[in-house]
Amino acid sequence: MGRRNFDFRKWFLILNMSLLVFVYDMVGTAQAQDGNKGLLNALSRTYSLIRTYESGDTDYYQITRREHIVDAHGQTAGNAVSAGRFKREITHAENSGRQLARYTWKAFARGQFDGSTTDVKPIEISAISGFTYDLESDDRHSVPPIQIGGLAKTSDTFTFFVLAWDLAVLESVVSDRAGYSLSALKHVGDRITDSDPYLPAVFDFTPVVSDFSHTRSPLTSTFSGFTALAKTPAVQISYSAPSSPMSYAFTDGRIAVQLEGREWVSGSILLDMSDNSMLQGILETTTVVSQRAQIPGKNLSFPLTIFQDVLLEKISEGDYDEDAP
């Protein structure tokens, strides 16, 4: 049996490949360890989620609300959408963090449709264009005390107020105030609960909406982690609230409806890590109502469940100034 020649080139190649794999493995392990250290450092750091305001600070946003209504059998009874663009300008800021903001709405549109189609284009409600109101950051009302002024009271403008209330809920999550110390959210996992009760809502929109009653339940908010939105590093705050009672009477032409039920709230907020400005807000609500309707020749009584999804997005001044709603 002849002697086999040893192939040094093959041996050298195998050795180098083995060393290369070993080096890559060591580098990968080191990178993973560095990544873990970076993550642990980020999680153990102390953060401040409070934004420092100055008079004149202005942000621009668009907000969209979608509703899906189902009957007692889970069948679609209707859908609706409303959307608007607004700017928020700080007109007064105090060292304590309290501020007064002016909201100016550039455009608002709404549309509704039954379950037979999902194709709807919101119609602009021109009465809202240029509508302005002021709100304090520490307001405790269950719905913000927006002055109606000379605004016409219609079902369309009532829908606008509902959207403005949604906005107030989102902003209350990131508003430092008595009984709700946002400064206590310093580390991932920290949690706070609103300890001061909200004041009952005061809202008279007669003849369209009357006998309005609503008291918000306390919010619980959690510093839930980090993410990125459009490559912008962000802090995420998750929040929720137990059921809140509500009731009101609604009249539209010859139709009169009395609603009574409860609303559950949850969602999340993304804050820009560079200045704690709000990049995005998500609000999800489930409202279970008993509805009694009076229409010519009929009295109806039936339950409904309304699922609402609200999305608030920060936009540029140029997007705010666009003509389309």
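The values are calculated or read from the model by the stated rules, or taken from the named source; none is laboratory data. Because the structure is predicted, anything quoted here is derived from the model rather than measured. Because the Cβ atoms are built from the backbone with ideal geometry, glycine has one as well, and the counts that use them run over all protein chains shown.
All but one of (1) over 30 Å from SER44 (Cβ atoms); (2) buried (at least 19 other Cβ atoms within 10 Å of the Cβ); (3) touching a residue at least 60 places away in the same chain (Cβ under 8 Å) hold for PHE223, so report the exception by its number. The failed condition is (1).
The residue list SER244, SER266, SER238 contains one member that is in contact with a Leu (Cβ under 9 Å, 6 or more places away or on another chain) and under 18 Å from LEU167 (Cα atoms), which is SER266. Does at least one position in the range 191-209 carry a residue that is free of Cβ contacts under 8 Å to residues at least 60 places away in the same chain, closer than 21 Å to SER44 by Cβ, out of contact with any His (no Cβ under 8 Å at 6 or more places or on another chain) and of a type in the set (Asp, Glu)? Checking the range 191-209: not a single residue is free of Cβ contacts under 8 Å to residues at least 60 places away in the same chain, closer than 21 Å to SER44 by Cβ, out of contact with any His (no Cβ under 8 Å at 6 or more places or on another chain) and of a type in the set (Asp, Glu). Of the strands (runs of 3 or more DSSP E) lying entirely inside the range 204-280, those carrying at least 2 residues that are at pLDDT 95 or above and under 20 Å from the mean Cα position of the chain (by Cα) are 220-229, 232-252, 255-272. Filtering the range 281-306 to residues that are at pLDDT below 90 and among the β-branched types (Val, Ile, Thr) leaves only ILE295. Of all residues in the range 262-300, those that are on the phi > 0 side of the Ramachandran plot, of a type in the set (Gly, Ala, Ser) and surrounded by 14 or more Cβ atoms within 10 Å (Cβ to Cβ) total 1.
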